[in-house]
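Have a look at the structure below, then the notes.
The values are calculated or read from the model by the stated rules, or taken from the named source; none is laboratory data. As the structure is a prediction and not an experimental result, all values here were calculated from the model. Cβ atoms come from the backbone with ideal geometry, glycine included; neighbour counts cover every protein chain shown.
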Amino acid sequence: MNFTIADTHPCLPGHFPGQPVVPGVVVLDRVLDAVEADFGAPLPVPVRWPQVKFASPLLPGQEASIELSRVGEALRWTFKVRRGDLVLASGEVAA
């Protein structure tokens, strides 16, 4: 799944003025969208993020891609968010 956060997104004016960076929570929201698309329905709540690492920033207008791998039969996925070959974020999500 590919995504881009537009420079008009409402989270950007305060994060950071003059040099906007897409907040991690917005990136994770796109990861959750990808997980729910893979699962085929909204996940049961609560959703947990046992491990998340942000390695590089995502800037408005940059395209990123999400790679998912389902872990066994459990409602658990590992993910990587990339911009080209650069890993921006990685971790796990579980329901």
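At-a-glance table
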{"item": "Subset of the range 15-64 [at pLDDT 95 or above and either assigned to a loop (DSSP other than H, G, I, E, B) or of a type in the set (S, T, N, Q) (or both)]", "result": "Val21, Val22, Pro23, Gln51, Ala55, Ser56, Pro57, Leu58, Leu59, Pro60, Gly61, Gln62"}
{"item": "Residue within the range 42-62 that is within 30 Å of Asp7 (Cβ to Cβ), of a type in the set (Ser, Thr, Tyr) and surrounded by 14 or more Cβ atoms within 10 Å (Cβ to Cβ) present", "result": "no"}
{"item": "Matching residues, the range 6-40, being over 25 Å from Arg70 (Cβ atoms), over 11 Å from the mean Cα position of the chain (by Cα) and touching a residue at least 12 places away in the same chain (Cβ under 8 Å)", "result": "Ala6, Asp7, His9, Cys11, Leu12, Pro20, Val21"}
{"item": "Failed criterion for Glu73 (all others in (1) among the charged types (D, E, K, R); (2) modelled with pLDDT under 95; (3) under 21 Å from Asn2 (Cβ atoms) hold)", "result": "(3)"}
{"item": "Answer residue from the range 1-13, given it is in a loop (DSSP other than H, G, I, E, B) and in contact with a Pro (Cβ under 9 Å, 6 or more places away or on another chain) and is farthest from Val81 (Cα to Cα) among those", "result": "Pro13"}
